[in-house]
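The values are calculated or read from the model by the stated rules, or taken from the named source; none is laboratory data. What you see is a predicted model, and the numbers here were worked out from it, not measured in a lab. Methodologically, a virtual Cβ is constructed for each residue, glycine included, from the backbone with ideal geometry; neighbour enumeration extends over all protein chains shown.
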């Protein structure tokens, strides 16, 4: 009796398919997962062989996703994430919320406005790429993080603009020498790292990455020391950070970032997610000075 062997479906293959669904792009999926585009294509091929039909269809430059299949893939991955939490979920009393390190300082001034909500939540501070992994593994119930360039994102999304900040000493040095600008950026596979590098390349800015950091504190220290410029959120100039008094905009123009609030609706209700999202979004806008505040000694690129 003959046996027909079929390709099995691993969760890695399903996650690759989910990334393609989210980004509508093989390149975007590869960036999101931190793997090569051929690896994404390999996983997509395995999936399509296993189910006997294509997941995506190309119409010119557009990628159309079969919604029925994408819905089933999301259900399977949601089940995997929930299974990972079965062992310890009973012992966890507080909901775990992950916050991107670049926006975490906003919690310090805004927690009081959450009222009793803050007693039901514990916070996990990490970079956006790590938060994505933690959320996928069920280690946090919600995550407020930066989005990848082609990522569709959740329902709760806000836009924000960072500025390229450096010390006066660095600005003067670059003006004298017309040199390549030394920069400190996030990991090249993280949302902030990808967006920053794309922004510099599109504007033909001559730059050299002298270091990679994934937390705002390290980035600010390197900026203040005069070592490099780095994209920083505007709220660092809210008057509480005297160490940045001698710093300003090195490269004119904002670096537009999208932030999204992801949450597990099995444990996390929409009202709570919106309360936390609206707090962070409100603080981002409230504490960000107008563009003119950065331009005291900006360096214009010719």
Among 225, 218, 122, which is loosely packed, with under 15 Cβ neighbours inside 10 Å, without any contact (Cβ under 8 Å) to a residue 60 or more places away in the chain, within 29 Å of residue 277 (Cα to Cα) and out of contact with any helix residue (DSSP H, G or I) (no Cβ under 6 Å at 6 or more places or on another chain)? 122
Residue 21 part of a helix (DSSP H, G or I), touching a strand residue (DSSP E or B) at 6+ places or on another chain (Cβ under 9 Å) and either at pLDDT below 80 or surrounded by 14 or more Cβ atoms within 10 Å (Cβ to Cβ) (or both): yes
Conditions (1) surrounded by fewer than 18 Cβ atoms within 10 Å (Cβ to Cβ); (2) assigned by TED's automatic domain parsing to the domain that holds residue 98; (3) not in a strand (DSSP E or B); number of the one not met by residue 131: (1)
Scan region 243-274 residue by residue and report those that are surrounded by fewer than 16 Cβ atoms within 10 Å (Cβ to Cβ), part of a helix (DSSP H, G or I) and in the same structural domain as residue 111 (by TED's automatic domain parsing). 270, 271, 274
Is one or more of the residues making up region 142-165 assigned to a helix (DSSP H, G or I), assigned by TED's automatic domain parsing to the domain that holds residue 223 and within 15 Å of residue 229 (Cα to Cα)? no
For residues that are modelled with pLDDT under 90 and either part of a helix (DSSP H, G or I) or over 17 Å from the mean Cα position of the chain (by Cα) (or both), tally how many sit in region 228-237. 4
Only one of 103, 27 that is modelled with pLDDT of 80 or more, closer than 23 Å to residue 188 by Cβ, touching a helix residue (DSSP H, G or I) at 6+ places or on another chain (Cβ under 7 Å) and part of a helix (DSSP H, G or I): 27
